[in-house]
Amino acid sequence: MYKNILITGGCGFIGANFIHFLYSQNYNGNIINVDKLTYASNLANLHTLKDKTNYYFYKQDICNYEDIESIFIKHNIDCIIHFAAESHVDRSIYGPKDFILTNILGTFNLLEICRKQWKSYNNVRFHHISTDEVYGSLDSEGYFYENTPYAPRSPYSASKASSDHLVSAYFNTYGLPITISNCSNNYGLYQHSEKLIPQIILNIKNKKPLPVYGDGRNIRDWIWVGDHCSAIYKILQSSKIGESYNIGGENEMENIELVKKICKLMDEALPGNKKHENLITFVEDRPGHDRRYAVNCDKIKKELNWRPEVDFDLGLRKTIEWYISI
């Protein structure tokens, strides 16, 4: 493994889980966490690591080229895992500028720093974390594959598609050693409350309405965040340079079905309360709301011997227990 890993957005949901995952694998190199600490980040996600001698945190924006470059040089970075991104579709619809700056310009800065500072491209890596939303929307049949043409439909997915293309271009133009992963919807610990699963859990906990867009029939594929982390780890260890990998939970579900499932589990977790399905409230649909996402992840299963392991009901129970406890 690499000796000095720079993780961008390490205080966010997936980034924090990945840092904890690295320590669970007894990683003994240095972890350098750079995070702007926006609304979606939380230092408390990593409070147990504050005394680790191989963990470093910098409050910094990846759009600040000189500051990020100085951190890169100081720690002799040989691997970047790029989680940092504005990621909430609703926010991108009503305020797209931050998405363009962070997701495109920020990614460009990181690529340029690597191109400039890595004197040799041996034993170094730039891994880019992306989303299945870059592929657009599916009907009731079919799947997204790694070679599916991009067709983003929101400012968020357009900004991520742009960053994916930049990363690929730096491989094809300069030979920069990159890999890309496009993952389906994550769930688990440390996720921001504006996302669907924590929002529903916390609204039930606080006896608030449960908003569901449109008819609730939009379909998403859900993956336990720890399974996503193990996939990234496999890519770092075993993948070919220049490759892209889809990562999915192989667990498709309509939004309304998911909300009702959470309601039933919350009925069990909070006995004595009224039936929580009664709190479901259908609201006006999101503009350009993609109907269905579903990725085919045969490539990573065949090439890297990875597959999702955590059963959805078990993962959902763990998630509910954690959000009830905070």
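As a check on your grasp of the helix formula, calculate [θ] at 222 nm for the chain: sum -39500 (n - 2.57) over DSSP H runs of n ≥ 4, divide by the residue count, round to the nearest 500. Before the final figure, lay out each step's value.
Numbers: 10 runs with 119 residues, N = 326.
Helix contribution divided over all residues of the chain: -11500 deg cm²/dmol.
Going through the cross-link list 160/195; 3/301; 116/240; 195/275; 50/160, which pairs have a Cα-Cα distance over 29 Å in this structure? As for pairs spanning more than 29 Å Cα to Cα, those are 50/160.
Shown in residue order for the stretch 120-136 are the 3J(HN,Hα) couplings computed by the Karplus curve 6.51 cos²θ - 1.76 cosθ + 1.60 at θ = phi - 60°: 10, 9, 7, 6, 10, 7, 10, 10, 10, 8, 10, 9, 6, 5, 5, 7, x Hz (x for Gly and Pro). Annotation: amide H of residue 185 within the under-5 Å range of 221, 223, sequence separation 5 or more or interchain, hydrogens built in the peptide plane.
When the alpha carbon coordinates of the stretch 32-161 are projected onto the principal axes, the ranges are 50, 36, 26 Å, largest first.
Between residue 39 and residue 53, the distance separating the two model label sites (each 7 Å from Cα on the Cα→Cβ line) works out to 4.1 nm.
Scanning residues 5 or more positions from residue 9 or on other chains, those with amide H under 5 Å from its amide H are 34, 35, 36, 84, with H placed 1.01 Å from N in the peptide plane.
For residue 275, what charge total do you get from the other residues with a beta carbon under 10 Å from its beta carbon, if Lys and Arg give +1 and Asp and Glu give -1? Each step should come with its number before you reach the end.
On the way: positive: 264, 274; negative: 267, 277.
My count for the surroundings of residue 275 gives 0.
Here the 3J(HN,Hα) profile of the stretch 77-92, calculated from phi with Karplus coefficients 6.51, -1.76 and 1.60 at θ = phi - 60°, is 4, 10, 8, 10, 10, 9, 8, 4, 6, 6, 10, 8, 4, 4, 5, 5 Hz, Gly and Pro shown as x. Exposure proxy for 7, 326: other Cβ atoms within 10 Å of each Cβ, ordered fewest to most, give 326, 7. One decimal place: the segment residue 28-residue 241 gains 74.3 nm when fully extended, by the rule 0.36 nm per residue minus the C-alpha distance. Calculate how steeply helix 155-174 sits against the longest principal axis of the alpha-carbon atoms of the chain, using the helix alpha-carbon long axis, and give the answer as 0 to 90 degrees to the nearest 10. Roughly 20 degrees between the two axes. Taking the C-alpha atoms only, the angle from helix 65-74 to the longest principal axis of the chain is near 70 degrees. Residue-wise HN-Hα couplings along the stretch 294-311, as the Karplus relation 6.51 cos²θ - 1.76 cosθ + 1.60 with θ = phi - 60° gives them from phi, are 7, 9, 8, 10, 4, 4, 6, 5, 6, 7, 10, 6, 10, 7, x, 10, 7, 4 Hz; Gly and Pro carry x. Take the Cα of residue 97, go 7 Å toward its beta carbon, and none of the backbone nitrogen atoms of the stretch 19-45 fall under 11 Å from that spot.
Values (1) 1.08; (2) 0.99; (3) 0.96 are given for comparison; Rg/Rh (Cα atoms, Kirkwood Rh), derived from the coordinates here, is the one labelled (3). About its Cα centre, the dipole of the chain is roughly 620 debye, where the only charges are +1 on Lys and Arg Cβ and -1 on Asp and Glu Cβ. Highest mobility in the GNM of the chain, judged by mean-square fluctuation with C-alpha springs under 10 Å and restricted to 278, 255, 64, is found for 278. Taking the longest Cα principal axis of the chain as reference, the axis of helix 196-205 is set at about 50 degrees. Comparing 60, 191, 25 in a Gaussian network model of the chain, where Cα atoms under 10 Å apart are tied by springs, the biggest mean-square fluctuation is seen for 25. Take every Cα pair under 8 Å whose residues are at least 6 apart in sequence, average their separation, divide by the length of the chain, and the relative contact order is 18 percent. I'd like the distance between the alpha-carbon centres of the stretch 115-162 and the stretch 5-44, rounded to an integer number of Å. Value for the Cα centre distance between the two parts: 21 Å.
None of the figures in this text is laboratory data; all of them are computed from the coordinates on show. All values reported here derive from a predicted model rather than from experimental measurement. We place every Cβ from the backbone using ideal geometry, glycine too, and count neighbours over all the protein chains shown.
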